[in-house]
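This report concerns only the one structure given below.
The values are calculated or read from the model by the stated rules, or taken from the named source; none is laboratory data. Everything numeric in this text was worked out from a predicted model, so none of it was measured. Backbone-built Cβ (ideal geometry, glycine too); neighbour counts: all protein chains shown.
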Amino acid sequence: MVADPGQQLRHSAKEAALGRSLLVQYASQRVHTIFQRAVVYCLGSLMAVLATGPAIGACITALLVIGEVLDMWILRRIPARLRSGISQNILSNAAMASGAFQAICIFLATTLYVVTVGKDASIMAVAGVLGMGIVNGALILPTKPKLAILKMGVFVVTPLILLTLQAIRFGGDMALPHANVPELMVVISMGYMCFSFVKSGVDNFRKTEALQCSQNNLTAANDALNKHRNELQRLSMVARKTNDAVILSNPKQEIEWVNEAFTTLTGIAAKDIIGKPVTDLVQATKIDPDVEAKVATAMKKDGFGKIELRHDLSLGAARWSEIQMLPVKNADNDVDFYVTIARDITPVKDHANNMRRARKVAEDAARTKTDFLTNMSHEIRTPMTGIIGMADLLSETEQTQEQADYTRTILGSSRSLLTIINDILDLSKLDAGKLQIAKNTFETRDCFAETLRLLEPSAYNKGLGLTLTVAEDVPEHLFADDVRVRQIATNIIGNATKFTEHGKIEVQVWMDATDPTERNAPLRMNFAVSDTGIGIAEDKLSSIFEEFTQAESSTTRRFGGTGLGLSICRILTEHMGGEISVSSELGEGSRFMVSLPVELPPDGALTLTEPATAPPVLEYDAVDLAGLNILIAEDNQTNRLLIRKYLEKLPITLRFANDGYEAVEATLEAPPDLIFMDMSMPNMSGIEATETIRASGVQQPHIVALTANAFEAERRACLQAGMDDFLTKPIRRADLVDCLLRHVGHRNTPSSAVQTALRA
């Protein structure tokens with residue numbers, strides 16, 4: 001068992017106090033009895049002078065006086081020095097040394113007498129004198145036991161030493177002329193008295209020590225009892241005043257005590273429940289039967305851990321409590337009583353319920369936002385398909401220069417609007433945490449060169465210089481998500497092009513100072529876009545990457561845009577583990593810098609991703625579409641017209657359905673080779689029509705989703721319904737032809753008819 005450190009300190013303090021008390025008592029006793037000893041010293045000195053002469057007598061007297069004076073000088077200062085803070089051990093050792101010195105002086109004085117007198121010296125007289133010293137030593141035994149034993153030992157041994165010395169000096173001629181019967185009887189009597197006195201002193205010392213030990217033990221026991229009582233008082237106060245309900249019950253399941261919080265929690269007064277079974281409390285608070293069974297089982301066993309229960313107060317208010325039953329056992333491992341602690345957790349439960357409701361509201365809001373964006377995407381992309389498609393078809397017709405300019409304006413404006421829509425959709429994906437980072441091996445220089453080629457027309461139309469500088473230490477191939485790298489670069493360079501009216505745009509690519517050839521070294525690719533545009537005010541730099549934010553409201557009116565591009569760049573960069581920053585001066589241009597962690601391609605993984613440029617012109621030399629039967633399920637008349645114009649020059653048969661029902665009926669009547677299926681149609685949606693066709697027994701056609709909903713969830717829904725591919729609006733002719741070639745193109749006949757039709 002580990003002792004209480006506080007109790008050990010208190011015990012040590014008491015021992016130190018007792019030692020100081022005994023030391024002071026010893027010193028005071030010796031100082032107060034100096035006059036009695038002075039009388040004895042005077043008589044002894046007189047006898048020494050008479051026996052040895054004045055000179056030797058003076059020496060003997062000097063020895064006695066020196067020993068006593070030094071002892072008194074030390075002892076008189078002990079109380080004051082204790083009060084001044086000098087260590088008790090130092091003073092105790094000093095008292096021990098002075099007392100031993102005084103005993104040695106007495107030994108030397110008696111030895112000087114015996115040596116000087118010679119054969120005539122009375123050893124018996126010496127023994128008698130030293131007997132008084134023994135008695136004196138016995139007197140200090142209770143207060144200074146070690147010194148008392150030392151003195152008594154010296155005074156007992158001294159006559160024997162002197163007797164031995166006489167025998168050595170005088171041999172057989174040694175005589176004890178005074179050793180007659182009366183003197184022997186006196187000495188023996190004195191010795192017996194000394195022995196009896198010393199024995200009595202030792203016995204008294206032992207009794208005193210035992211009594212003191214008992215007193216110390218009693219004091220320690222009283223201290224422990226007081227401490228235990230104080231602890232019980234504090235625990236009782238804690239139990240009474242705590243906010244948790246505390247219930248004490250005996251092994252018979254009877255409640256013996258409850259605190260004040262019990263009444264507050266349950267509404268039941270203590271006098272109404274003490275002495276009653278625990279089951280009465282369970283019934284009074286209307287606890288669930290399952291919990292009641294748990295409590296009953298716990299009372300029979302060893303208690304239970306924390307459980308939560310719902311109960312009703314007398315006023316009818318429902319509350320939640322967390323209870324824990326703890327058995328208190330005796331030495332025989334039997335349960336003496338149970339301590340049940342109940343805590344009101346109703347606020348916690350209410351908070352949890354509020355959080356669940358808030359989460360549900362947030363989830364509903366997120367679903368509403370997604371549904372809204374989905375609907376907006378569909379509603380905007382559907383007419384955009386007609387605008388862009390018809391403008392494309394219009395650009396292929398013979399036009400005057402003015403008409404061609406109008407057509408290009410329509411195409412440019414519609415594509416800008418489509419970019420805004422795509423930015424909003426990208427942001428919604430990022431906010432929903434649905435963005436995935438896919439690492440691929442790509443050609444570093446080509447990645448940036450192709451990005452610049454896409455943006456060169458916009459820069460050159462404004463007369464801006466657009467340059468790319470790639471440092472020599474940039475590896476030829478890197479392993480990262482090049483699609484996201486292109487997206488970030490496109491947004492930043494596109495911004496620079498939009499906000500720069502004169503001057504140039506410079507793109508720089510470099511690596512950090514680490515050695516890019518070491519495969520295990522962490523690599524970071526950096527690229528910066530510097531322009532000579534309108535710049536950004538210093539107080540706007542901190543918010544430039546926030547959503548729907550541009551430097552000035554006039555910027556939006558002058559240059560357009562939503563302020564989403566840089567926000568998307570920031571989110572993408574952070575999602576890839578990188579950093580994006582900007583430095584700018586109003587009217588002097590801006591410099592955006594992006595730093596991204598990259599890797600070298602894994603060994604044997606040099607399969608490159610396809611560049612993100614516009615699809616190349618398809619070669620149809622080995623493919624023939626002649627004779628194919630294609631069904632278009634589309635409810636929008638403009639889109640039907642656009643698709644008809646896109647595909648009418650191909651040697652295929654086109655059929656159209658206005659909704660899902662017509663698509664199913666046309667398929668059941670004459671199964672086509674491929675169906676372009678719109679997702680949102682009246683009467684029956686594209687998903688429902690696809691599921692119906694897949695469940696029928698007709699020859700199954702290829703089905704390609706044709707939708708304005710560009711979300712990943714829509715793509716998954718189409719594929720799960722049984723569709724083979726997924727195309728988003730606005731529709732491009734190249735995408736439609738490529739889809740036909742991939743899914744239903746065949747190689748059985750020459751393809752001259754197809755190529756002729758496409759070139760017409």
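Could you give me the residue pairs with C-beta distances under 8 Å whose first residue belongs to the range 326-354 and is closer than 23 Å to Val258 by Cβ, whose second residue is among the aromatic types (Phe, Trp, Tyr) and assigned to a helix (DSSP H, G or I) wherever it lies, and which are 6+ apart or on separate chains?
Qualifying pairs under 8 Å: Ala342/Phe262.
Given Ala55, Ala109, Ala62, Ala80, which one is touching a helix residue (DSSP H, G or I) at 6+ places or on another chain (Cβ under 7 Å) and either at pLDDT below 85 or among the small types (Gly, Ala, Ser) (or both)?
It is Ala109.
Quick one: count up the residues across the range 450-484 that are in contact with a Ser or Thr (Cβ under 6 Å, 6 or more places away or on another chain) and more than 19 Å from Ala528 (Cβ to Cβ).
3
Among Ala438, Ala432, Ala459, which is among the small types (Gly, Ala, Ser) and at pLDDT 80 or above?
Ala459
Can you report the number of residues in the range 583-600 which are modelled with pLDDT under 90 and of a type outside the set (Ser, Thr, Tyr)?
Residues that pass the stated criteria total 7.
Would you be able to say whether some residue in the range 372-381 is in contact with a Lys or Arg (Cβ under 9 Å, 6 or more places away or on another chain) and at pLDDT 75 or above?
No, the conditions are met nowhere in the range 372-381.
Going through the range 318-333 one residue at a time, which ones are in contact with a Lys or Arg (Cβ under 7 Å, 6 or more places away or on another chain) and not hydrophobic (A, V, I, L, M, F, W, C)?
Those that are in contact with a Lys or Arg (Cβ under 7 Å, 6 or more places away or on another chain) and not hydrophobic (A, V, I, L, M, F, W, C): Ser321, Glu322, Gln324.
Which residues, counting only those in the range 676-721, are aliphatic (A, V, I, L, M) and assigned to a helix (DSSP H, G or I)?
Matches in the range 676-721: Ile687, Ala689, Ile693, Ala695, Ala713, Ala717, Leu719, Ala721.
Specify the residue that is surrounded by the fewest Cβ atoms within 10 Å (Cβ to Cβ); the eligible residues are those in the range 671-699 that are without any contact (Cβ under 8 Å) to a residue 60 or more places away in the chain and within 15 Å of Val744 (Cβ to Cβ).
It comes out as Gln699.
Would you check which residues across the range 728-742 are acidic (Asp, Glu) and closer than 12 Å to Tyr646 by Cα and list them?
Correct list: Asp735 only.
Does the range 433-440 contain any residue that is outside any helix (DSSP H, G or I), in contact (Cβ under 8 Å) with a residue 60 or more places away in the chain and touching a Lys or Arg at 6+ places or on another chain (Cβ under 6 Å)?
Taking every residue of the range 433-440 in turn, at least one turns out to be outside any helix (DSSP H, G or I), in contact (Cβ under 8 Å) with a residue 60 or more places away in the chain and touching a Lys or Arg at 6+ places or on another chain (Cβ under 6 Å).
Yes/no matrix, rows are residues, columns are (1) over 40 Å from the mean Cα position of the chain (by Cα); (2) at pLDDT below 90; (3) more than 23 Å from Pro602 (Cα to Cα):
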{"position": "Val470", "(1), (2), (3)": "yes, no, no"}
{"position": "Ala496", "(1), (2), (3)": "yes, yes, yes"}
{"position": "Thr500", "(1), (2), (3)": "yes, yes, yes"}
{"position": "Val509", "(1), (2), (3)": "no, no, no"}
{"position": "Thr517", "(1), (2), (3)": "no, yes, no"}
{"position": "Arg524", "(1), (2), (3)": "no, no, no"}
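Six or more apart or on different chains, Cβ under 6 Å: which pairs go from a residue in the range 629-645 that's closer than 20 Å to Val664 by Cβ and in the same structural domain as Ala734 (by TED's automatic domain parsing) to one that's part of a helix (DSSP H, G or I) and hydroxyl-bearing (Ser, Thr, Tyr)? Could you list them?
Asn636/Thr382; Asn639/Thr385
Any chance the range 131-151 includes a residue that's basic (Lys, Arg), more than 14 Å from Leu23 (Cα to Cα) and modelled with pLDDT of 75 or more?
Looking through the range 131-151, at least one residue is basic (Lys, Arg), more than 14 Å from Leu23 (Cα to Cα) and modelled with pLDDT of 75 or more.
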